[in-house]
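Just so you know, all these numbers are worked out from the coordinates, no wet-lab data involved. Just so you know, these numbers come straight off a predicted model, no measurement behind them. Cβ placement follows ideal geometry from the backbone for every residue including glycine, while neighbour counts extend to all protein chains displayed.
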Amino acid sequence: MDRNNSSNKDLLRNDLQRSLRRSPINPQDMTPFQRILLTTDGMVTEILEAYLWERMKVIKLSQDYFTLDNEIPSLEIGKGCKVIQRKVLLRGGLSQKNHLYAESIIIPDRLDKKIRDGLFNTNKPIGLLILENRLETFREILDCGKEEAQDLAGYFNIERNGFLIFRAYRVFSNHVPIMLITEKFAEDGMRG
C-alpha cells in the first residue's frame, strides 16, 4: 500500500490528507490502532476504553484561565481574548498507565455554561462534557506527526528520545472554532 496511491488517499479525510503531506508519518507504517487514533473524528477517550477495555480517568496537570498576548489564527481570536489552557493525561483506571497527553486551548465565551462549569469543576474529559451536553461539533485535523518525547517521556515511561505520535485539530460548534487540541500518544505504547 503506497501512501501516494490515490485509492488509498481516498480513504482519508481531506484535512488529514493535507496534514500528512507536511508530515513524515506514513499511515502504512502504523498499526491499525495507531491509524485509528490518528485519523478518526471520534472521542479518543471512548476509543481507548473500547480498545484497552478499561476506563480512562483524566489527570489534570494544569488548567489556566488567562488573556492572550497574541492572536491564534486557527481559533480566529486575537490579542485580549480570554482562553483556558488545559493539560491533561488519560490514564487507565486499572493499569494506571498513561495512554494520552493532551493540551487544549479553549474559548470559554463560545461554550455553553454547563460545559464551562464542567471544565472548571470536574475531571471529565472535554469529549464527555460535549457528549453529556449534546453539543454538536466538527473536528478539523490541522497537523499530525511524530516527535521525540523529551519532557513528556516520564508520563509514558519511555526514554526522552522515544517517539510520540501527535495530532492537532480544532473543534467547531455552530461554524465557529471553540477549541484547539493537540493529543500525543507513545508510539510503542499503541502498537497493540
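A few points about this structure:
- Residues that are surrounded by 20 or more Cβ atoms within 10 Å (Cβ to Cβ) and either aliphatic (A, V, I, L, M) or in a helix (DSSP H, G or I) (or both), drawn from the range 156-192: F156, L164, I165, V171, I178, M179, L180, I181, A186, M190
- Subset of the range 77-93 (residues that are within 16 Å of P177 (Cβ to Cβ) and in a loop (DSSP other than H, G, I, E, B)): G78, C81
- Scope the range 77-122; condition loosely packed, with under 14 Cβ neighbours inside 10 Å and closer than 21 Å to R170 by Cβ; matching residues: G78, K79, G80, K82, D109
- Filtered residues of the range 62-76 (kept if touching a residue at least 40 places away in the same chain (Cβ under 8 Å), assigned to a strand (DSSP E or B) and of a type outside the set (S, T, N, Q)): Y65, I72
- Of all the residues in the range 58-113, those that are aromatic (F, W, Y) and either in contact with a Gly (Cβ under 9 Å, 6 or more places away or on another chain) or within 18 Å of R167 (Cβ to Cβ) (or both) number 1.
- Tally of residues being at positive phi and either touching a residue at least 60 places away in the same chain (Cβ under 8 Å) or assigned to a strand (DSSP E or B) (or both) across the range 121-144: 0
- Here E49 meets the list (1) within 19 Å of the chain's Cα centre (by Cα); (2) assigned to a loop (DSSP other than H, G, I, E, B) almost entirely, failing just condition (2).
- Against the numbered list (1) surrounded by fewer than 20 Cβ atoms within 10 Å (Cβ to Cβ); (2) touching a strand residue (DSSP E or B) at 6+ places or on another chain (Cβ under 6 Å); (3) closer than 26 Å to S95 by Cβ; (4) not hydrophobic (A, V, I, L, M, F, W, C), T137 comes up short only at (3).
- Screening the candidates Y169, Y155 for the property of being more than 13 Å from L38 (Cβ to Cβ), among the hydroxyl-bearing types (S, T, Y) and touching a residue at least 24 places away in the same chain (Cβ under 8 Å) yields one hit, Y155.
- For the range 110-137, the set of residues classified as in contact with a Ser or Thr (Cβ under 8 Å, 6 or more places away or on another chain), within 20 Å of L37 (Cα to Cα) and not aliphatic (A, V, I, L, M) consists of P125, G127, T137, listed by residue number.
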